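Colleague: First the structure, which I've put down as structure tokens, then a few questions once you've had a look.
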Amino acid sequence: MLNYTEVMVRYGELSTKGKNRKDFINRLAANIQKTLTDFPDLEFHPKHDRLHIVLNGTSFEEVDQRLKKVFGIQTYSPVIKTERTLEAIEKTALSLMQATFKPGMTFKVNTRRSDHHFEYDTNELNSMVGDYLFDHMDGLKAEMKHPDLVLRIEVRLDGVYISNELLQGAGGMPVGTAGKAVMMLSGGIDSPVASYLALKRGVDIEMVHFFSPPYTTDKALAKAKELTGILANYSGKINFIAVPFAEIQETIKEKLPEGYLMTIQRRFMLRLADKIREKRGGKAIFNGESVGQVASQTLDSMMAINDVTTTPVLRPVVTMDKTEIIKLAEDIGTFDLSIMPFEDCCTIFAPPRPKTKPKVDKAREYEARLDVDGLIERAMAGIEITPIYPNQKFLADKSAEDADLL
């Protein structure tokens, strides 16, 4: 088994951030530390062009599972740091190749020097290390253009770093660098995907979830929290804000025409999300709307609903079709949970024929019949905030449930 000494993290898109680069790097370093907080032996050294994670005996495989989900990382490599001598470089390169090379593979040596006073230049090191490997291993075949393995040697002032894996990171921007917002999270497929895309662009999101007991069950609420736990893999922790919505839904159903039931409900949801955003210091509201998927997501409906706020309402999946959204949901691990049949408040009281082209003036007219301020005030008084951590579970284990039935 290879004894990697550290992980070398490359920033990618952060290189374009000019004078703000240091702030972005520091945020990324803090996010990485937060993600790896339960590995106490790790050391973190953020630098201008790389971030080094010194393993101190910690398994790279365990660190790898966490690191691949941290936004802001373009690529990373497990490396072995060695002395700045030709003998140490050759021996380390040999042990790394022997552990990872498989018959039939092609390879090349690629050297970079940040220390241009090192006694050998890049071409000399490529040639000498390549010759050493050929002398000590059978079946090697060099390939300069498209090799299966690239043995990377980086010569720096503090040592030489050797690796032969270049792993893709999650890309995007470090969570928190784009500011704070709230996400309107349902229990469906779309809003978790929208949440993922918001996090990828560096937005620090808090989830706002509407629940309506007794019409919605504890399992529906637990499902939304567990979806948040999956998404927390990409940010370290997400606050989950549960908003009671039953009184508002009952009032709308009792007093307003059926065709506008969905429109007025959504207007209340947006008002509440905006009040929570303001109270929590957010700059925008995100949701999972996609144009044309349901009656409340036509352009006319969006216009009628957006009428209640001037806060930016951002829709990361707005132009994606359902197939694209499902594919991304499967990739990030939310799909199977999203399709579990626990009804949320968006599906209860759903009218059979909602207006697809609601009018703003009509929506305002109908709302004037309600005690809007009182309904909003009572809902705000009942909110519950729960910090949720990566992979935190809220739904009972299915096998345990099955056992209880026996």
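The values are calculated or read from the model by the stated rules, or taken from the named source; none is laboratory data. Since we're looking at a predicted model, the values are computed, not measured. So basically every Cβ, Gly included, is an ideal-geometry build from the backbone, and we count neighbours across all protein chains shown. Accessible surface is based on the protein model in full, side chains and every heavy atom, while ligands, DNA and RNA are left aside. Shrake-Rupley method; radii C 1.70, N 1.55, O 1.52, S 1.80 Å.
Colleague: L157 versus (1) open to solvent by 10 Å² or more (accessible area, probe 1.4 Å); (2) under 30 Å from I25 (Cα atoms); (3) in contact (Cβ under 8 Å) with a residue 60 or more places away in the chain: which is the lone unmet condition?
Modeller: The failed condition is (3).
Colleague: List pairs: first in the range 210-237 and aromatic (F, W, Y), second open to solvent by 30 Å² or more (accessible area, probe 1.4 Å) and assigned to a loop (DSSP other than H, G, I, E, B), Cβ under 7 Å, 6+ apart or cross-chain?
Modeller: Filtered contacts from the range 210-237: Y234/K69.
The rows are residues; the columns are (1) among the polar types (S, T, N, Q); (2) out of contact with any Leu (no Cβ under 8 Å at 6 or more places or on another chain); (3) touching a residue at least 12 places away in the same chain (Cβ under 8 Å).
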| site | (1), (2), (3) |
| --- | --- |
| L140 | no, no, yes |
| Y161 | no, yes, yes |
| L167 | no, yes, yes |
| M183 | no, yes, yes |
| P192 | no, no, yes |
| S195 | yes, no, yes |
| L199 | no, no, yes |
| V208 | no, no, yes |
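Colleague: Within the range 76-120, track down each residue that is in contact with a His (Cβ under 8 Å, 6 or more places away or on another chain) and closer than 12 Å to V155 by Cβ.
Modeller: Those that are in contact with a His (Cβ under 8 Å, 6 or more places away or on another chain) and closer than 12 Å to V155 by Cβ: none in the range 76-120.
Colleague: Would you mention how many residues in the range 211-234 are open to solvent by 10 Å² or more (accessible area, probe 1.4 Å) and outside any helix (DSSP H, G or I)?
Modeller: Number satisfying all stated conditions: 6.
Colleague: If you go through the range 307-344, how many residues are polar (S, T, N, Q), part of a helix (DSSP H, G or I) and surrounded by 14 or more Cβ atoms within 10 Å (Cβ to Cβ)?
Modeller: 1
Colleague: Taking the range 101-111, which residues are on the phi < 0 side of the Ramachandran plot and part of a loop (DSSP other than H, G, I, E, B)? Give the steps one after another, and end with the answer.
Modeller: Initially, the range 101-111 is screened for residues on the phi < 0 side of the Ramachandran plot, giving 101-103, 105-111.
Listed by number, the residues that qualify are F101, K102, P103, M105, T106.
Colleague: Do you know which residues across the range 175-212 are among the hydrophobic types (A, V, I, L, M, F, W, C) and out of contact with any strand residue (DSSP E or B) (no Cβ under 8 Å at 6 or more places or on another chain)?
Modeller: If the condition is that a residue be among the hydrophobic types (A, V, I, L, M, F, W, C) and out of contact with any strand residue (DSSP E or B) (no Cβ under 8 Å at 6 or more places or on another chain), then I189, V193, L197 are the ones that fit.
Colleague: Please name all residue pairs, on different chains or six or more residues apart, with Cβ atoms under 7 Å, provided the first residue is in the range 307-318 and is of a type in the set (V, I, T) and the second residue is part of a strand (DSSP E or B).
Modeller: So the pair list comes out as T311/I285; V313/I285.
Colleague: Let me ask another. Considering only residues that are on the phi > 0 side of the Ramachandran plot and out of contact with any Asp or Glu (no Cβ under 7 Å at 6 or more places or on another chain), which ones fall in the range 47-100?
Modeller: Within the range 47-100, G72 is the sole residue that qualifies.
Colleague: Considering only the range 112-204, give the strands (runs of 3 or more DSSP E) lying wholly within it that have at least 2 residues that are small (G, A, S).
Modeller: Counting at least 2 such residues, we get 159-163.
Colleague: If I73 satisfies all but one of (1) more than 30 Å from D38 (Cβ to Cβ); (2) surrounded by 15 or more Cβ atoms within 10 Å (Cβ to Cβ); (3) touching a strand residue (DSSP E or B) at 6+ places or on another chain (Cβ under 8 Å); (4) not charged (D, E, K, R), what's the number of the condition it fails?
Modeller: (1)
Colleague: Could you list all residues from the range 272-306 that are at negative phi and open to solvent by 50 Å² or more (accessible area, probe 1.4 Å)?
Modeller: If we filter the range 272-306 for residues that are at negative phi, which is where we start, we get 272-280, 282-291, 293-306.
Passing the criteria: K275, E278, K279, R280, K283, V291, Q293, V294, L299, D300, M303.
Colleague: Could you tell me whether any residue of the range 245-266 is without any contact (Cβ under 8 Å) to a residue 60 or more places away in the chain and at positive phi?
Modeller: No.
Colleague: Of D38, D49, D64, which residue is open to solvent by less than 50 Å² (accessible area, probe 1.4 Å) and of a type in the set (D, E)?
Modeller: Exactly one of D38, D49, D64 is open to solvent by less than 50 Å² (accessible area, probe 1.4 Å) and of a type in the set (D, E), namely D64.
Colleague: Something else: Check whether at least one residue in the range 98-117 is open to solvent by less than 30 Å² (accessible area, probe 1.4 Å), in contact (Cβ under 8 Å) with a residue 24 or more places away in the chain and closer than 30 Å to R27 by Cβ, and report yes or no.
Modeller: Yes: one or more hits.
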